[in-house]
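Have a look at the structure below, then the notes.
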Amino acid sequence: MSTVRIGVVGAGNMGAHHVGTLHRSVSGAQVVSVADVDEERATAVAEAVGARPADDGCALIADPDVDAGVIASHDTTHADLAVAAVRAGKPVMCEKPLAPTAQECRRVVREERRTGSALISLGFMRRFDPRTLDSSITTLQAMDSIRGSCGITFPAPGRSPRQGVATGGRRSTERLVSCR
């Protein structure tokens with residue numbers, strides 16, 4: 001089995017979690033680079049698994065030493081990074097949301113369809129969480145009446161929906177990504 005070299009964009013809670021899981025639990029995967037606008041955070045997460053830190057998600061995706069990627073950066077960066085991955089011909093797992101607006105989501109889908117390849121997977125891990133499954137009947141009944149695009153989250157037990165919103169790190173707006 002050959003090794004798949006993974007680049008992770010985003011070194012906050014989700015990005016660091018993906019780096020650790022890939023490193024510890026996914027045979028055949030090697031995290032080779034971790035990018036974040038917070039260079040210290042990227043360095044800490046990358047060095048913990050022997051990867052290279054980076055401060056540019058677009059450059060990480062374009063890097064010929066990266067075979068596939070994980071996008072776990074700020075929501076506003078997802079669409080541009082996903083399009084960059086598609087254009088580079090690299091599979092990518094993007095944390096939800098794919099993009100903050102329906103228009104941006106359509107742009108990503110159009111770009112992926114243009115290539116004729118299914119390269120983007122969207123992360124939605126809570127659908128298999130036993131705590132979510134245990135209450136699935138009640139949840140489905142309640143959600144059946146909530147059609148549309150609502151920002152519903154399922155917090156961990158004992159946590160309010162507001163806890164953790166910004167604890168994945170600072171919501172960096174000083175330097176957002178554009179791979180156009």
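State which residue is surrounded by the fewest Cβ atoms within 10 Å (Cβ to Cβ) when the search covers only the stretch 57-79 and only residues that are of a type in the set (Asp, Glu) and more than 15 Å from the chain's Cα centre (by Cα). Filtering the stretch 57-79 for residues that are of a type in the set (Asp, Glu) and more than 15 Å from the chain's Cα centre (by Cα), the one surrounded by the fewest Cβ atoms within 10 Å (Cβ to Cβ) comes out as Asp65. Any idea how many residues of the stretch 62-78 are farther than 20 Å from Gly20 by Cβ and either touching a Cys at 6+ places or on another chain (Cβ under 7 Å) or part of a helix (DSSP H, G or I) (or both)? Of the residues in that region, 5 qualify.
Does Val108 satisfy being surrounded by 20 or more Cβ atoms within 10 Å (Cβ to Cβ) and over 14 Å from the mean Cα position of the chain (by Cα)? So Val108 fits the description; yes.
Report, by residue number, each residue of the stretch 80-105 that is crowded, with 20+ Cβ neighbours inside 10 Å and β-branched (Val, Ile, Thr). Those that are crowded, with 20+ Cβ neighbours inside 10 Å and β-branched (Val, Ile, Thr): Val83, Val86, Val92. Of the residues making up the stretch 5-50, those that are crowded, with 23+ Cβ neighbours inside 10 Å and at positive phi number 1. Pairing residues of the stretch 1-12 that are more than 8 Å from Asp67 (Cβ to Cβ) and small (Gly, Ala, Ser) with residues that are modelled with pLDDT under 95 and part of a loop (DSSP other than H, G, I, E, B), at Cβ distances under 6 Å and at least 6 apart in sequence or on separate chains, gives Gly12/Gly168; Gly12/Gly169. One residue alone among Leu98, Leu81 is assigned to a loop (DSSP other than H, G, I, E, B) and either at pLDDT below 95 or not aromatic (Phe, Trp, Tyr) (or both), and that residue is Leu98. Residues that are under 14 Å from the mean Cα position of the chain (by Cα) and closer than 21 Å to Ala79 by Cβ within the stretch 14-45 comprise Met14, Gly15, His18, Val34, Ala35, Asp36, listed in sequence order.
The values are calculated or read from the model by the stated rules, or taken from the named source; none is laboratory data. A quick note: this is a predicted structure, and the numbers were derived from the prediction, not measured. Every residue, glycine as well, gets a Cβ built from its backbone with ideal geometry; the counts of neighbours run over all protein chains shown.
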